[in-house]
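Accompanying notes for the structure given below.
The values are calculated or read from the model by the stated rules, or taken from the named source; none is laboratory data. No experiment lies behind these values; they were computed from the predicted model shown. Don't worry about glycine lacking a Cβ; one is built from the backbone with ideal geometry, like all the others, and counts go over all protein chains shown.
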Amino acid sequence: MKRISTGLKTWELALLCALSVTLCAALWAQGETERIDDALIRLHVLAVSDDAEEQAVKLRVRDAVLALLRPRLAGAESREEAEERLRGALGELQRAAEQAAEGRQVTVTLTRERYPTRRYEGFALPAGRYTSLRVILGEGAGRNWWCVVYPPLCLDASGAETLIDALGEDTASILCADGHTVVRFKLLELWGKLRG
């Protein structure tokens, strides 16, 4: 049998195969990250400073905002519906935050924001750009607090079950710690950092 020469050496073929696998993995990671980013709305409350009193005010503002969000987001069946409800309630959220902030300047916006990887009980969210309800006290130079308001992970204690309902089992399995998703999750983290 005559051997056909491809003109490529073994190491060149191995390098091409590795590059192909890497590109396929990157495309998969990008798709999964975008699907996760697009399914959630996060809440981010930033304190004036790290002073103990300012941190306590931040938590009171958080509680006031969450108290308003519970009834506003109850029954929302999609991220889009939840976002629409939030946009309609921005003025009310601003007033509640200002009242709880005890005279401090408050800015409430709904925007896209970059988040680092965040681990919660039973699951973790990869770094990425998420729709975010931002509540900034003063210059927002202090430690912050964040959670997921849609699906309502910080509005109730349902945690991973709520995440699975909102994202679907396949995507949620990437986030939930079951020992088989660690490598896939690391890939999502790395891809999220590369995307900026």
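Okay, here's what the table says:
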item: Qualifying residue in the range 178-193 (condition: crowded, with 20+ Cβ neighbours inside 10 Å and modelled with pLDDT of 70 or more); result: no
item: Matching residues, the range 46-67, being free of Cβ contacts under 8 Å to residues at least 40 places away in the same chain and exposed (fewer than 12 other Cβ atoms within 10 Å of the Cβ); result: 52, 53, 56
item: Condition broken by residue 36, with the remaining ones in (1) part of a helix (DSSP H, G or I); (2) of a type in the set (Val, Ile, Thr); (3) modelled with pLDDT of 90 or more satisfied; result: (3)
